[in-house]
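Chemist: Would you mind keeping the following structure in view while I ask a few things?
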Amino acid sequence: MTSDDGFRRGAFGVSGSGDTSGFGGLVRVEPGGAVALHSTDRPYGGWFDEITDVLIEAVGEATYAAAVQRVLVDRGEITYFVAREHLPTLVQALRDDDALRFELLSSLSGVDYLDSGGPEVTPGRPRLHVVYHLTSMTYRRRIRLEVAVTAEDPHVPSVTGVYPTADWHEREAYDMFGIVFDGHPSLTRILMPDDWDGFPQRKDYPLGGVPVEYHDATIPPPDTRRAYR
Amino acid sequence: MTTTQDPYAGSRETTEGRVYTVTGGDWDQTFGADRGGEERLVVNMGPQHPSTHGVLRLILDLEGETVTKARVTIGYLHTGIEKNTEYRNWTQGTTFVTRMDYLAPLYNEAGYCMAVEKLLGIEIPQRAQTIRVLVMEINRIASHLVGLATGGMELGALTAMTNGFRERELCLDLLEEITGLRMNHAYIRPGGLAQDLPPGAVESIREWLTIMPKRLAEYHKLLTGQPIWQRRLKDVGYLDVTGCVALGVTGPILRAAGLPWDLRKVQPYLGYETYDFEVPTADTSDAWGRYLVRMAEMQESLKIVAQALDRLEPGPVMVADKKIAWPAQLSLGADGMGNSHEHVQHIMAGSMESLIHHFKLVTEGFRVPAGQVYVPVESPRGELGYHVVSDGSTRPWRVHVRDPSFVNLQATAAMSEGGMIADVIAAVASIDPVMGGVDR
């Protein structure tokens, strides 16, 4: 059952059926709800506060307030949700400040949250997220930055100037999600053919597939099989 | 009489009609005019080429035999595994990710499962952790042997190839005995392992442990002292620490540049901090250093396997939580591996509740609380990271794999430009990319 408060209750779309397996009492947030909506208040705990203070000092309080929309500490990992226009300032400080030293961009990936933050697909919602995993080899720490943009205006500044390794990562995120990284030296498709239409890893792009006959039964393609929410 | 300008076929009208003269001499107009007599040659190498280490395409600008520009094209092995995992339940994901970096399947499984376990907030039994370390280190040796074998073949050292695959077969025999499959094992599952070590496996591993050191010593006799091998590798494919970090390169390439960055040491997981092993490094930053680092890493992996065997204690290999643990036990039947007869008897004739439980967990799968994690492991090629997002359902919302081959391959241009074309082969071989992982 979908409700307006961003939570779903029960399994199989049934509630109040006397399901004793435990699945009936299950409560979960809407797709992307937990990561897209929640935030953590200070103190974050451990070294999270330390690097946050250093970061505020490095970029200035006003810039930090404008740049970092929310901070989420979950499962021992810290995520800074960043406004895209301030991303270059932030990563430059994160890499170069003596007390931060996030020298390595471990990973850059796109995520399509589709109906993040609500039950319907709404134009203008920042459904496309770019997730940066930064590693400090000096201090052996990892943090995550997340930038969210809409599908109508999917522009994010490129970080290739600060982290040259972002080159192929950003091309992959463009190829799969259609996120445009402004300032990338040559933003072209990398895994799909150059003339491919659409962005395959967006949630509204079908998986594809054909029915398969096996032992006299026809098995439908995976994306049309019965699914359990 | 009119003549139209066509670089390929000039034409003119005659009494017999229009006549074309095909000349094809446009090379000078295209390249000759603005290059001032320089010898510039663009060579397309691959994607089907025996020396590109897989379906990799290199586009090389040459002046004589010197590479002035190297461009890399990938994507020929793209399979859409990341997207596919979003349409299968969490346990089925293991079967997909194991096929990415097919020379290090157990690292893919371990990284994925550790990410799912972190999302679930569960800790797996000690025995499962030890066996994971055990099979992963056997896998590391198998992977390095293939890197050495194919790299040797590409440089013309065919004995390195035949020997490398011979020793790798010993490793695969072990993995087959333990997991049931030579590759693509799907042995490590969220919550633990598909099954315990079979009877006799420990003895087989111990026997293997007595054979391997002698065989690895043979490689030093065969290759390390050999002048041709040294000359093909030394000062080739140079990339220093700064270059490595800027380009995100990890694994043996980074360690051959002198930085002892090994996630098993610096951010330990699965109890690696309790094992006694060294992180081999070199300070040459070239293909030779990478060769030596990989050779030394195989020795260290043997040490870890021996220690893991010694500390194996009887116990469960899957979490006790019935809402997560796979309900069936596997057994080897006449037609291959399948559910054990006792289990089928139990659910079909013994217990209705067990049948319901089995059905729900196998068809629907378990649910994973919403959130996202990033879990890196040290694969034979470097940092293998799993960024897994859950929306709280029975399927992953997103699985992104930071494959070390994908990232390391970006260094091809930096390693090759300015060198000889023959050294491009040595440089790419020293990166040891696995295209299944690069393209996913």
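The values are calculated or read from the model by the stated rules, or taken from the named source; none is laboratory data. Treat the numbers as computed from the prediction; the structure is a model and nothing was measured. We place every Cβ from the backbone using ideal geometry, glycine too, and count neighbours over all the protein chains shown. Please note that ligands, DNA and RNA were not included when accessible areas were found on the heavy atoms of the full protein model with its side chains. Shrake-Rupley method; radii C 1.70, N 1.55, O 1.52, S 1.80 Å.
Chemist: Tell me the carbon and sulfur percent of the accessible area for the protein assembly as shown, rounded to whole percent, probe radius 1.4 Å.
Modeler: Working: 14940 of 27680 Å².
On the protein assembly as shown, the fraction of accessible area on carbon and sulfur atoms equals 54 percent.
Chemist: Looking only at the stretch B:117-136, which residues have a backbone nitrogen under 17 Å from a spot 7 Å from the Cα of B:Val202 in the C-beta direction?
Modeler: B:126-135
Chemist: Using only Cα atoms, tell me the angle between helix B:158-179 and the longest principal axis of chain B; keep it within 0 to 90° and round to the nearest 10.
Modeler: 30 degrees
Chemist: I've got another one for you. Using a basic spin-label model with each label point 7 Å from the Cα along Cα→Cβ, how many nm lie between B:Asp173 and B:Thr79?
Modeler: For the pair B:Asp173/B:Thr79, the computed spacing is 2.7 nm.
Chemist: Now, a different point. Can you figure out the FRET efficiency of B:Ile228 with B:Leu330, using R₀ = 51 Å and their beta-carbon distance, to the nearest 0.05?
Modeler: Working: r = 48 Å, r/R0 = 0.95.
The formula returns an efficiency of 0.60 here.
Chemist: Which residues of the stretch B:336-381 end up with at least 40 Å² less accessible area in the presence of all protein chains than when their chain stands alone, using a 1.4 Å probe?
Modeler: B:Lys360, B:Glu364, B:Arg367, B:Ala370, B:Gln372, B:Tyr374
Chemist: Can you compute the helix-only [θ] at 222 nm over the protein assembly as shown? Use -39500 (n - 2.57) per DSSP H run of at least 4 residues, normalise by all residues, nearest 500 deg cm²/dmol.
Modeler: Per the formula, -10000 deg cm²/dmol.
Chemist: While we're looking at this one, here's another question. Pairs of Cα atoms under 8 Å, at least six residues apart: use those to get the relative contact order of the stretch A:31-207, whole percent.
Modeler: 18 percent
Chemist: With a 1.4 Å probe and all protein chains in place, put B:Arg232, A:Arg141 in order of accessible area, largest first.
Modeler: B:Arg232, A:Arg141
Chemist: Ordering B:Met114, B:Met435, B:Met420, B:Met348 by accessible area with a probe of 1.4 Å, largest first, what comes out?
Modeler: Greatest to least solvent exposure: B:Met348, B:Met420, B:Met114, B:Met435.
Chemist: Take A:Thr150 and B:Gln48, extend 7 Å from each Cα along the Cα→Cβ direction, and tell me the distance between the two endpoints in nm.
Modeler: Each label point lies 7 Å from its Cα, and together they span 4.8 nm.
Chemist: I would also like to ask the following. What is the distance in Å between the Cα centres of the stretch B:190-232 and the stretch B:101-121?
Modeler: So the two Cα centres are separated by 23 Å.
Chemist: If you don't mind, another one. Given a 1.4 Å probe and no ligands, DNA or RNA in the count, how much accessible surface is buried by A and B, both sides, to the nearest 100 Å²?
Modeler: Details: alone 12940 and 19830 Å², together 27680 Å².
By this definition, chains A and B bury close to 5100 Å².
Chemist: For the pair B:Glu278 and B:His341, what calculated FRET efficiency results from E = 1/(1 + (r/R0)^6), where r is the Cβ-Cβ distance and R0 = 51 Å, to the nearest 0.05?
Modeler: The formula returns an efficiency of 0.65 here.
Chemist: Within the stretch A:152-173, what residues put their amide N at less than 18 Å from the label point 7 Å along the Cα-to-Cβ vector of A:Ala83?
Modeler: A:153-158
Chemist: Another question, if that's okay. Under a plain spin-label model, where a point goes 7 Å from the Cα along Cα-to-Cβ, how far apart in nm are B:Asp235 and B:Thr68?
Modeler: Label at B:Asp235, label at B:Thr68, 2.3 nm between them.
Chemist: Which ³J(HN,Hα) values in Hz, rounded to whole numbers, follow from the phi angles of the stretch B:349-355 under the Karplus curve 6.51 cos²θ - 1.76 cosθ + 1.60, where θ = phi - 60° and Gly and Pro get x?
Modeler: 10, x, 9, 4, 5, 5, 5
Chemist: For B:Thr130, A:Thr150, give me the order by solvent-accessible area with a 1.4 Å probe, most accessible first, ignoring ligands, DNA and RNA.
Modeler: A:Thr150, B:Thr130
Chemist: What is the angle, in °, between the Cα long axis of helix B:105-120 and the longest principal axis of the Cα atoms in chain B? Nearest 10 is fine, range 0 to 90.
Modeler: 60 degrees
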